[in-house]
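*Asks:* First the structure, which I've put down as structure tokens, then a few questions once you've had a look.
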Amino acid sequence: MAIQAFIDHISLEKKYSPNTLKAYKKNLDDFQKFILSNDFDISIEKATYQEIRSWIVFLVEQRNSRRTINRKISVLASYYKFLLRIETITISPLKEHKALKTEKKVVIPFSKDEINKLMSDDYFSDSYKGFLQQTIIKLFYFTGIRRSELIALRINDFHFSQGLIKVLGKGNKERLIPLLPEITDQINKLLDFQNVEKIQREENLLFVNNNGKKLSTAFVYKTVKMYFGYVSSKIKRSPHVLRHSFATHLLDQGADLNAIKDLLGHTSIAATQHYTQSSMAKIQEVYKKAHPKEKK
């Protein structure tokens, strides 16, 4: 079946995660089921924009957000590009489609005061779990890495003599991120703690629980959410917000946008600009207040 051939193709070429592949397949299967349930009597490969438009209307009626709908149609567009490539179709039914307009979400980063307060005050317990959670939060802020990247870090990814960490990002792309002495010291103390506790690491991973097992994504998320709840009143408190804070604070200190892009592992500068919108808003506010031509 063409759908499975497409999934196999993006698995090899794009190296998407199993969860992403599963989501893509479900997306395409859902559209196929919609076509059949509405008696269009055609396959997904022969669908026209009329059927796709009917699906969009259906998704809107089901109260899907515009962002979600755009994501589903983007998967469909990728599928039709694949069909063009293997010459199953001669034109994509989505060739003239324009994505639904969505409101830009501005992520509010943690302030420097909030981060400094959490780093300096005694919010973490003296147990292994407490020190592990402190190290997780510090590494997020010192490097700006993604949650999945942090969980997958292995001991040999750290090059302490060079002050670097090797990170495997999206699409299996590697990048090197510099480590400041403070976070290097924190990592070494974590390793010492694990040796004292005689923790046997799974797959030579750095971040493991008391039993040496790989950390869950939920544990890492809850760690950030819980501890920042002590110092911040922000509703959104997540590893993503910490990553956003890393980028914003670097920009505030005058870091080059291209350098931040490389540190974050972005393929385009546009993605990095999205992370620094709040910083740009701050710059605009200062500009308006300070410029002599601005009306008072």
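The values are calculated or read from the model by the stated rules, or taken from the named source; none is laboratory data. Everything quoted here is computed from the prediction, not taken from an experiment. As a convention, Cβ positions derive from the backbone with ideal geometry for all residues, glycine included, and neighbour counts pool all protein chains shown.
*Asks:* Look at residue 103 and say whether it is part of a loop (DSSP other than H, G, I, E, B), farther than 30 Å from residue 234 by Cβ and among the charged types (D, E, K, R). Talk me through it step by step, then tell me what you get.
*Replies:* Numbers: part of a loop (DSSP other than H, G, I, E, B): yes; farther than 30 Å from residue 234 by Cβ: no; among the charged types (D, E, K, R): yes.
Judged against the criteria, residue 103 is not a match.
Per-residue answers, yes or no, for (1) within 23 Å of the chain's Cα centre (by Cα); (2) more than 24 Å from residue 91 (Cα to Cα); (3) hydroxyl-bearing (Ser, Thr, Tyr):
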site	(1), (2), (3)
10	yes, no, no
16	yes, yes, yes
23	yes, yes, no
30	no, no, no
37	no, yes, yes
40	no, no, no
47	no, no, no
52	no, no, no
61	no, yes, no
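*Asks:* Let me ask something else. Among what's in region 160-189 and is free of Cβ contacts under 8 Å to residues at least 24 places away in the same chain and under 18 Å from residue 201 (Cβ atoms), pick the residue that is nearest to the chain's Cα centre (by Cα).
*Replies:* Filtering region 160-189 down to residues free of Cβ contacts under 8 Å to residues at least 24 places away in the same chain leaves 161-166, 168, 174, 176, 178, 181, 185.
Checking the rest, the ones that are also under 18 Å from residue 201 (Cβ atoms) come to 165-166, 168.
Details: 165: 19, 166: 18, 168: 13 Å.
Only one residue fits best here, namely 168.
*Asks:* Restricting to region 9-47, name every residue that is farther than 14 Å from residue 83 by Cβ, modelled with pLDDT of 90 or more and acidic (Asp, Glu).
*Replies:* 29, 30
*Asks:* Right, something else. If the Cβ limit is 8 Å and pairs must be 6+ apart or interchain, which residue in region 75-97 that is among the aliphatic types (A, V, I, L, M) pairs with which residue that is assigned to a loop (DSSP other than H, G, I, E, B) and surrounded by 13 or more Cβ atoms within 10 Å (Cβ to Cβ)?
*Replies:* Listed by first residue and then by second, the contacts come to 76/94; 77/92; 77/94; 77/97; 83/89; 83/92; 84/92.
*Asks:* Scanning for something outside any helix (DSSP H, G or I) and either modelled with pLDDT under 90 or outside the structural domain of residue 166 (by TED's automatic domain parsing) (or both), does region 268-290 turn up at least one residue? Before you say what the answer is, go through the steps one by one.
*Replies:* Just the residues of region 268-290 that are outside any helix (DSSP H, G or I), to begin with: 268, 276.
Restricting the remaining residues to those that are either modelled with pLDDT under 90 or outside the structural domain of residue 166 (by TED's automatic domain parsing) (or both) gives 268, 276.
Yes, the conditions are met somewhere in region 268-290.
*Asks:* Given the conditions (1) under 19 Å from residue 7 (Cβ atoms); (2) in contact with a helix residue (DSSP H, G or I) (Cβ under 7 Å, 6 or more places away or on another chain); (3) surrounded by fewer than 17 Cβ atoms within 10 Å (Cβ to Cβ); (4) not charged (D, E, K, R), which single one is not true for residue 74?
*Replies:* (2)
*Asks:* Restricting region 190-219 to residues that are closer than 29 Å to residue 17 by Cα and among the aromatic types (Phe, Trp, Tyr), which is farthest from the chain's Cα centre (by Cα)?
*Replies:* Selected residue: 207.
*Asks:* Might you check whether a residue that is over 25 Å from the mean Cα position of the chain (by Cα), closer than 13 Å to residue 3 by Cβ and either in the same structural domain as residue 170 (by TED's automatic domain parsing) or surrounded by 12 or more Cβ atoms within 10 Å (Cβ to Cβ) (or both) occurs anywhere in region 89-99?
*Replies:* Among the residues of region 89-99, not one is over 25 Å from the mean Cα position of the chain (by Cα), closer than 13 Å to residue 3 by Cβ and either in the same structural domain as residue 170 (by TED's automatic domain parsing) or surrounded by 12 or more Cβ atoms within 10 Å (Cβ to Cβ) (or both), which makes the answer no.
*Asks:* If residue 12 satisfies all but one of (1) without any contact (Cβ under 8 Å) to a residue 60 or more places away in the chain; (2) in a loop (DSSP other than H, G, I, E, B), what's the number of the condition it fails?
*Replies:* Residue 12 satisfies every listed condition except (2).
*Asks:* Determine, yes or no, whether residue 141 is farther than 21 Å from residue 236 by Cβ, surrounded by 13 or more Cβ atoms within 10 Å (Cβ to Cβ) and modelled with pLDDT of 95 or more.
*Replies:* Values: farther than 21 Å from residue 236 by Cβ: no; surrounded by 13 or more Cβ atoms within 10 Å (Cβ to Cβ): yes; modelled with pLDDT of 95 or more: yes.
So residue 141 fails the test.
*Asks:* Report, ordered by the first and then the second residue, all pairs with beta carbons closer than 9 Å, sequence separation of six or more or different chains, a first member in region 32-53 that is closer than 22 Å to residue 96 by Cα and in a helix (DSSP H, G or I), and a second member that is modelled with pLDDT under 90 and of a type in the set (A, V, I, L, M, F, W, C).
*Replies:* 34/40; 35/42; 44/2; 45/2; 50/40; 51/40; 51/42
*Asks:* Residue 191 fails exactly one of the following numbered conditions: (1) in a helix (DSSP H, G or I); (2) among the aliphatic types (A, V, I, L, M); (3) under 21 Å from residue 144 (Cβ atoms). What is the number of that condition?
*Replies:* Only one criterion is unmet by residue 191, namely (3).
*Asks:* Let me ask another. Regarding residue 114, is this residue among the charged types (D, E, K, R) and surrounded by fewer than 16 Cβ atoms within 10 Å (Cβ to Cβ)? First the steps, then the outcome.
*Replies:* On the way: among the charged types (D, E, K, R): yes; surrounded by fewer than 16 Cβ atoms within 10 Å (Cβ to Cβ): no.
When the stated conditions are applied, residue 114 does not pass them.
*Asks:* How many of the residues in region 194-248 are among the hydroxyl-bearing types (Ser, Thr, Tyr) and either exposed (fewer than 14 other Cβ atoms within 10 Å of the Cβ) or not in a helix (DSSP H, G or I) (or both)? So that I can check it myself, show each step before the final result.
*Replies:* Within region 194-248, the first condition is being among the hydroxyl-bearing types (Ser, Thr, Tyr), and the residues that meet it are 216-217, 221, 223, 227, 230, 232-233, 238, 245, 248.
Adding the requirement that they be either exposed (fewer than 14 other Cβ atoms within 10 Å of the Cβ) or not in a helix (DSSP H, G or I) (or both) leaves 216-217, 230, 232-233, 238.
Number of matching residues: 6.
*Asks:* Going residue by residue through region 125-139, is there one that turns out to be part of a strand (DSSP E or B), in contact with a Phe, Trp or Tyr (Cβ under 9 Å, 6 or more places away or on another chain) and not polar (S, T, N, Q)? Please lay out each step first, then the result.
*Replies:* Of all residues in region 125-139, those part of a strand (DSSP E or B) come to none.
Within region 125-139 (the criterion being part of a strand (DSSP E or B), in contact with a Phe, Trp or Tyr (Cβ under 9 Å, 6 or more places away or on another chain) and not polar (S, T, N, Q)), the answer is no, since none of the residues qualifies.
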